[in-house]
Amino acid sequence: MAIPIAYNLRNLIVRKTTTVMTALGIGLTVAVLVADLALVEGLRTAFKATGHPLQILVLRKGSNAELNSSVTREALQILKSKPGLAVNEAGEAMASPEILGVINLPSVDSPNGMNLTVRALSQAGVAMRNVKIQSGGRWFQSGQREVVVGKSVAKRYPNARPGARIRFGRGEWEVVGVFDAGESAVNSEIWGELNQVGSDFNRQDTVSSVLIRAADAGAFQALFNSLNDDRQLGVNALREREYYEQQTSAGAPLQFFGLLVAVIMAIGSSFAAMNTMYAAVSRRAKEIGTLRVLGFSRGSILFSFLIESLLLAFIGGVFGCLLALPINGVTTGIGSFATFSEIAFDFRVSPSTMIAGIVFALVVGAIGGLFPASNAARKEILTALREI
Amino acid sequence: MKVISYLPLITKNSFRNRRRSALTIGSMMVSLCLLVLLMAMYKVLFYGAEQTPAQAVRLVMRHKVALGQPMPLSHEGKIRQVSGVKAVSVQQWFGGTYRDARDTRNFFARFGVRPADIFIIFPEYEIPEQQKQAFLHERTGCIASKALADKFGWRPGERVTLVGDFLPITLELTLVGIFNEPNKFEALYFNWDYMRESLVASGSRNPLQDSVSQFLVQAESTDDVPRVSKAIDDLFANSPYPTKTETEQAFVLSFVSFLGNLKLFLLAIGGAVTFTILLVSANTLSMSVRERIREVGVLKTLGFTPGTIFGILLGEGMMIALIGGALGCALAWVLCAALRNATIPMQQLRVINTPPLIVLISLLIALLIGLISAMVPAIGAARRPILDSLRHTG
């Protein structure tokens, strides 16, 4: 027969100071873990939202990042004539040659400067991404020294807001608009016109990469294979989606760090939980004896104290999730070595991260409760009743 | 002070419930160890490791805005003219791929340098004379830092092939030497001239003709450093290639922002940890005082004043906290040693250590936590009337 859970709940309530303190300790541990998971989740979301399922990013053979790739204009012509390419309204093959550069500007988090990607592309390239310009701004015009910035850039870089002039390449560039690409990572980029920016980056003969779109899913695979098999062309074709998803690894150092801290804190708080539960067991020695006299088995005593510890940890877990909740949606930035520049993203406290946090709390509670509970179960009836 | 004479009593009391004391100390130990680690990390990431004298006078000059955008070689002569400059050399970043770029382990810094200059600008590099001579004379030779050589198990004679990415060449290098360097950075140096010749031979348009990605500048003395860096940057401020010249340490630390807003994370987590320890120790101490209410009553009937009882209980809190703190510092010291030798995604942490100041601060924090958390139960126990205490059961 099991001891009702209400008994444990009442015990927790009676000793409310101890309960709250222990639960808070576990809660803070859980909060650190949830925040860490929310960071990784947010980063993953940003990269997952980037890229079109039918698009292929073409880089130079041997290169795995746009920044250090170069594709010749001849290769670009061959690419455009490949069968299976999608065609836009104007009847042109959907292929966007692009040039990448990195510039350094002070951001709100790093006043000493943080790296930003500058992407030079044509209107055709803009059309291949799901972006719109925010009201009050406009796209860059060809022949003008104008750029547009992603919404994260506008938010985080005081020197790159609409109307500002950014100095890179051979002179100044005016920011004429802010674009919104949903949750995509390109929100952290600055875009300018292909030829204009390209000549400033000294790249008239080659481009960094070419983005192409296949007509349909069937053509996609054939196109993808034909590009990678074409030895003469010498390119490395990557699925755009995968290319961005891989960059989630930029968060690896912080993830490692957060997990390390959470685990160390968990050891500390499981000790604390153990202390609290031992105290509960010794305070209730008589009660335990009474329960045994009433016919509750050792097993149900063990189970009961374990449940109490889990309940305590659960309260802590919920507490931790609540503590971590306010960081949901907070924007932060992280450097990606693939682009050598910053990706801004929002923390995401999702249901799954919260469940992970609560499970973590329960593990702490189980570890903390196991020994005290078995200690309680082992008590001899007579000695227990005699204790004061 | 009088309380000192009660030390045996305090010690005895601290360990009357051994299991609880052990758990409390254990809990404080891990938390304080974490706090020490956080502070050590903060120091390494934002203040860097101890600078060697050679490091303190070394400046890195790069393009002000565009990372990796090369600067004209003609800058070199102009830098030499700046007073306070002792030596100038070039350093060319070579991205490229070693083995498989998908494995981040294969990512390390590779620079083209003038072999003769490298040992002038980096006098702290220790390398056997024979290996140094080999690097000076073998055009396809390269040298690696010990950290890098150890990572891949390289020995002199190892073939290192770097496939270029933004540069359309492949460098076939032979490791001719391994140098010791205090910061445990992973770096490979090869002959800049060999790279330039390969570029010419490749026949493609050379994006690096007459230009280089970074200049290394050595100042006469540390006093000259701020002036030299400003003088150089002013010199090129209005040229098409504005520059940013900073100490090597500042340059390296600027990459910390790449890890995200760590400063805030470290502070937030440090705060959470400190608060957690406070909760844990306050909780245990009040538990142990609560158990002893009757005993305190007995002590009072024996003539102990409320002040003495207050002092004894505070002493108990501080003793437990101090033991936990000291053990935590010891554990942190061990963990730091482990981190220094581990392969972890944060290269900066390879020089992490626990300086005395951080240990001292942590012990003070521990003491303070012991004091604060013992305060409330101690006041309560000291104030409780004797009869009330003696009547207490529980």
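Need one number: % antiparallel among DSSP beta bridges in the protein assembly as shown, to the nearest 5. Spell out each step's value before the answer.
Numbers: 71 of 91 bridges.
Taking every DSSP beta bridge with both residues in the protein assembly as shown, the antiparallel ones total about 80 percent.
For q = 0.11 Å⁻¹, what log10 I(q)/I(0) does chain B give under the Debye formula with an equal point scatterer on each alpha carbon and no solvent?
With no solvent term, the Cα-only Debye profile gives -0.84.
Set the bar at 26 Å for Cα to Cα. Now go through A:K48/B:K64; A:K16/A:K286; A:K61/A:K82; A:K16/B:K300; A:K132/A:K155 and name every pair that lies beyond it.
On the way: A:K48/B:K64 33 Å; A:K16/A:K286 20 Å; A:K61/A:K82 18 Å; A:K16/B:K300 29 Å; A:K132/A:K155 16 Å.
With Cα atoms farther than 26 Å apart: A:K48/B:K64; A:K16/B:K300.
Under 18 Å between alpha carbons, and skipping anything fewer than 8 positions from B:K12 in its own chain: which aspartates and glutamates qualify?
The qualifying aspartates and glutamates are B:E291, B:E295, B:E316.
What's the angle, to the nearest 10 degrees (0 to 90), between helix A:217-229's Cα axis and the longest principal axis of chain A?
Helix A:217-229 sits roughly 70 degrees off the main axis of chain A.
Between the stretch A:93-152 and the stretch A:153-213, how far is it from one alpha carbon centroid to the other, in angstrom?
Spelled out, the Cα-based centre of one part sits 3 Å from the other.
Suppose we flag GluC sites (Glu not before Pro) only when DSSP calls them loop and at most 12 other Cβ atoms lie within 10 Å. Which is the longest uninterrupted stretch of chain A? Kindly include the intermediate steps, with their values, before the conclusion.
On the way: sites that count: A:E89, A:E92, A:E380.
Formally, the longest exposed-site-free interval is A:93-379.
May I ask for the longest run of chain A untouched by trypsin sites (Lys or Arg not before Pro) that are loop-located per DSSP and have at most 14 neighbouring C-beta atoms (other than their own) within 10 Å?
Numbers: sites that count: A:R138, A:R170, A:R231.
Between exposed loop sites, the widest span is A:232-388.
Cross-link partners among lysines for B:K146, C-alpha distance below 20 Å, same-chain residues fewer than 8 apart left out?
Reachable lysines: B:K132, B:K184.
Counting only C-alpha contacts under 8 Å and six or more residues apart, can you give the relative contact order of the stretch A:62-233 as a whole percent? Walk me through the numbers on the way to the answer.
Working: 331 pairs, mean separation 53.0, N = 172.
Averaging sequence separation for qualifying contacts and normalising by length gives 31 percent for the stretch A:62-233.
Over the stretch B:311-355, how many percent of alpha carbon pairs lie in each 10 Å bin up to the one with the longest distance?
27, 32, 21, 15, 6
Mind jotting down the distance between the C-alpha centroids of the stretch A:19-49 and the stretch B:22-65, whole Å?
24
Each residue of the stretch A:80-93 in turn: what ³J(HN,Hα) in whole Hz from Karplus with 6.51, -1.76, 1.60 and θ = phi - 60°, glycine and Pro shown as x?
5, 8, 5, x, x, 6, 6, 10, 8, 4, 6, x, 9, 5
Mind checking B:24-36 for the average number of partner chain beta-carbons within 10 Å of each residue's beta-carbon? Kindly include the intermediate steps, with their values, before the conclusion.
Values: counts 3, 1, 7, 10, 3, 3, 9, 8, 1, 3, 7, 1, 0.
Partner-chain Cβ atoms within 10 Å, mean over residues of B:24-36: 4.
Which longest run of chain B has no exposed loop site in it, a site being trypsin sites (Lys or Arg not before Pro) in a DSSP loop with at most 15 other beta carbons within 10 Å, and the site itself not part of the run? Provide the component values of the computation, followed by the final result.
Details: sites that count: B:R16, B:R99, B:R102, B:R139, B:R205.
Here the longest run is B:206-394.
Just checking the output field for B:277-285: average partner chain Cβ neighbours within 10 Å of each residue's Cβ? Don't skip to the end; give the middle numbers.
On the way: counts 4, 3, 11, 11, 2, 2, 12, 7, 0.
Per-residue shielding by partner chains comes out at 6.
How much space per residue, in cubic angstrom, does the convex hull of the C-alpha atoms of the protein assembly as shown take up? Mind dumping the intermediate values first?
Details: hull volume 161.4 nm³, N = 782.
With only Cα atoms used, the protein assembly as shown gives 206 Å³ per residue.
Under a 5 Å amide H to amide H cut-off, with H placed in plane at 1.01 Å, what residues pair with B:K86 once short-range neighbours are removed?
Amide H neighbours of B:K86: B:Q218, B:A219, B:E220.
Read-outs: derived from the displayed coordinates by stated rules, not from any lab. Every value quoted in this text rests on a predicted model; they were computed, and no experiment measured them. Neighbour counts are summed over all protein chains in view; Cβ atoms, including those assigned to glycine, are modelled from backbone coordinates with ideal geometry.
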